[in-house]
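To start, I am sharing the structure in question, which I have written as C-alpha cells.
The values are calculated or read from the model by the stated rules, or taken from the named source; none is laboratory data. Owing to the predicted nature of the structure, the values given are computational and were not obtained by experimental measurement. Every residue, glycine among them, receives a Cβ derived from its backbone with ideal geometry; neighbour counts consider all protein chains shown.
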Amino acid sequence: MRKITILGMGPSAKIRQVDMANHVIGEVWGLNNGYNTYPDLMFSRWFELHRYTDLVEEYKGQQHFHRIENLHTPCYRLEPLPIIESQVKYDIVEVFKHFKTNYFLGSPSLMLALALYEHDHGQEIEEIRSWGLDFSDELHAQQKQSWTFWMSKVIDRGIKVSGTAGDFVGEEDNDVGLRGIKENVGKIIMGVV
C-alpha cells in the first residue's frame, strides 16, 4: 500500500527543512513554490493548481514554470501551463463528483481529496503524513477547516495519519464547559480507562 507525504512551507516544515529527507515517507508531494524550501528533495508529484493569470502576476513571469519543469516530476494542474512538459490534468469535477461535494479551500485540500479519490479507486493508501501545512498565517488560516474536513475522511477510511497532518485532533476545546470530555472519550476508545 502507498504512503504519501504532503509538504507545505509552514513553520512545522521549516524546523525540519535541513533534514526533511529523514522525515518523509513514500511518495513526496509538493506544491506551489515549495522548491525553494526543499531544493534537495526528490518529489513524486508537484501540484500547481492556481490559475495561470494569477501565477504570472505572483511569480513575475516564466521563471516559476522553469523551476517546476526542472523538478522532472509530473505536475498536476487545473489548466495548461507553459514550459512544463510533464503535466497531468487534475480532473477536479470528476474528483468532487465522487465525493458529492465541492467543498475545498486551498491546494492542500485538493491534494488530499485526490489522494482519497485514488484510494477509493484501488490505489490504496496506508499512511498520509504532512509537514508545513500549519495554516498559521492570515492568508492560509481559512484553509484549516477544509483540511480538517478532508482529514476526517482519511481517518474514516482507516488510513494512518502522521507528521502534523492530524494536529487538529489534539486541540483543546475553547468551550470551558466541554474541556477534557474529548480527551476522556479518546482514552475510553483506546482502552486506557
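Name, by its number, the condition in (1) within 18 Å of SER12 (Cα to Cα); (2) surrounded by fewer than 20 Cβ atoms within 10 Å (Cβ to Cβ); (3) under 15 Å from the mean Cα position of the chain (by Cα); (4) not basic (Lys, Arg) that does not hold for LEU139.
The number of the failed condition is (3).
Oh, and also: Which is surrounded by 14 or more Cβ atoms within 10 Å (Cβ to Cβ) and either over 23 Å from GLN143 (Cα atoms) or hydroxyl-bearing (Ser, Thr, Tyr) (or both), of ARG45, ARG67?
ARG67
Test GLU58 against the criterion of being surrounded by 14 or more Cβ atoms within 10 Å (Cβ to Cβ) and part of a helix (DSSP H, G or I), and give yes or no.
No; evaluated as a whole, the condition is false for this residue.
Between a residue in the range 48-77 that is modelled with pLDDT of 95 or more and of a type in the set (Lys, Arg) and any residue that is surrounded by 19 or more Cβ atoms within 10 Å (Cβ to Cβ) and assigned to a loop (DSSP other than H, G, I, E, B), which pairs come within a Cβ distance under 6 Å, given they are 6 or more apart or on different chains?
ARG77/GLU48
Would you pick out the residues in the range 95-114 that are outside any loop (DSSP other than H, G, I, E, B) and either touching a residue at least 12 places away in the same chain (Cβ under 8 Å) or surrounded by 13 or more Cβ atoms within 10 Å (Cβ to Cβ) (or both)?
Hits for the range 95-114 are VAL95, PHE96, HIS98, PHE99, SER107, PRO108, SER109, LEU110, MET111, LEU112, ALA113, LEU114.
Identify, please: which residue in the range 149-165 is within 11 Å of the chain's Cα centre (by Cα) and over 13 Å from SER107 (Cα atoms) and is, among those, modelled with the highest pLDDT?
So the residue we want is MET151.
The rows are residues; the columns are (1) over 23 Å from LEU112 (Cβ atoms); (2) among the hydroxyl-bearing types (Ser, Thr, Tyr); (3) in contact with a helix residue (DSSP H, G or I) (Cβ under 6 Å, 6 or more places away or on another chain).
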| site | (1), (2), (3) |
| --- | --- |
| PRO39 | yes, no, no |
| PHE47 | no, no, yes |
| ARG51 | no, no, no |
| GLU57 | yes, no, no |
| ARG67 | yes, no, no |
| HIS72 | yes, no, no |
| ILE83 | yes, no, yes |
| GLN87 | no, no, no |
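Within the range 153-193, work out how many residues are within 20 Å of HIS119 (Cα to Cα), assigned to a helix (DSSP H, G or I) and not acidic (Asp, Glu).
3
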